[in-house]
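The values are calculated or read from the model by the stated rules, or taken from the named source; none is laboratory data. Note that the structure is a prediction, hence the values are computed from the model and not measured. Methodologically, a virtual Cβ is constructed for each residue, glycine included, from the backbone with ideal geometry; neighbour enumeration extends over all protein chains shown.
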Amino acid sequence: MNNELDSARYISLATFKRNGTGVASAVWITGTGGAYAFTTGHVAWKTKRLHHNPAVEVRVCDFRGRVKPGASTYTGTGEVLASAEAITAVERALATKYGWQFGLTKVADRVKSMFGRQVKQDVVAIHLHVQTE
């Protein structure tokens, strides 16, 4: 079943603090039919929150994370995967969907790291399982 998440360029991903407060981040997404994925750093706040609470809420948004009024909210769970196979598969799918833009982010991350402008993080894959019906 095709839904708006399947064709979304960006989603607003809400992960939850220990006190239950949701924190939203705009992320690129790949996947279909309720199974989606993206990559991020292993010490990113969203990664840390998912380790403590796998619950997520997802809404389609623009590249700045702005959600249109009345946008559908989808609930589900997120899972952090650190295996090289999982990361490679997600990065390959993101590169296919986003093309040169994805490649540019990888180059930018390397340059920032070379000049000490970014904390070195290992990449992890986040798999989302979302109710789309």
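Summed over segment 98-131, the residues that are within 18 Å of His42 (Cα to Cα), out of contact with any Ser or Thr (no Cβ under 8 Å at 6 or more places or on another chain) and at pLDDT 80 or above give a count of 2.
Has segment 53-62 got any residue that is farther than 21 Å from Gly99 by Cβ, of a type outside the set (Asp, Glu) and loosely packed, with under 13 Cβ neighbours inside 10 Å? There is no residue in segment 53-62 that is farther than 21 Å from Gly99 by Cβ, of a type outside the set (Asp, Glu) and loosely packed, with under 13 Cβ neighbours inside 10 Å. Return a yes/no flag: does segment 1-17 have any residue that is farther than 17 Å from Ala95 by Cα, of a type in the set (D, E, K, R), over 14 Å from the mean Cα position of the chain (by Cα) and at pLDDT below 95. There is at least one residue in segment 1-17 that is farther than 17 Å from Ala95 by Cα, of a type in the set (D, E, K, R), over 14 Å from the mean Cα position of the chain (by Cα) and at pLDDT below 95. Have a look at Glu79, Glu85 and point out the one that is surrounded by 13 or more Cβ atoms within 10 Å (Cβ to Cβ), of a type in the set (Asp, Glu) and under 24 Å from Asp122 (Cα atoms). Answer to the selection: Glu79.
For (1) in contact with a strand residue (DSSP E or B) (Cβ under 9 Å, 6 or more places away or on another chain); (2) assigned to a loop (DSSP other than H, G, I, E, B); (3) surrounded by 13 or more Cβ atoms within 10 Å (Cβ to Cβ); (4) of a type in the set (Lys, Arg), each residue gets a yes or a no:
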position: Leu5; (1), (2), (3), (4): yes, no, yes, no
position: Thr15; (1), (2), (3), (4): yes, no, yes, no
position: Asn19; (1), (2), (3), (4): no, yes, no, no
position: Ala24; (1), (2), (3), (4): yes, no, yes, no
position: Tyr36; (1), (2), (3), (4): yes, no, yes, no
position: Thr40; (1), (2), (3), (4): yes, no, yes, no
position: Arg49; (1), (2), (3), (4): yes, no, yes, yes
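Contact annotation: residue pairs with Cβ atoms under 7 Å, 6 or more positions apart or on different chains, pairing a residue in segment 33-46 that is more than 19 Å from Thr88 (Cβ to Cβ) with a partner that is among the polar types (S, T, N, Q) and not in a loop (DSSP other than H, G, I, E, B), are Lys46/Thr15; Lys46/Ser25; Lys46/Thr40. Can you say whether Ala95 is in contact with a helix residue (DSSP H, G or I) (Cβ under 9 Å, 6 or more places away or on another chain) and free of Cβ contacts under 8 Å to residues at least 24 places away in the same chain, as far as the supplied structure shows? Here the answer is yes, as Ala95 does meet what is asked.
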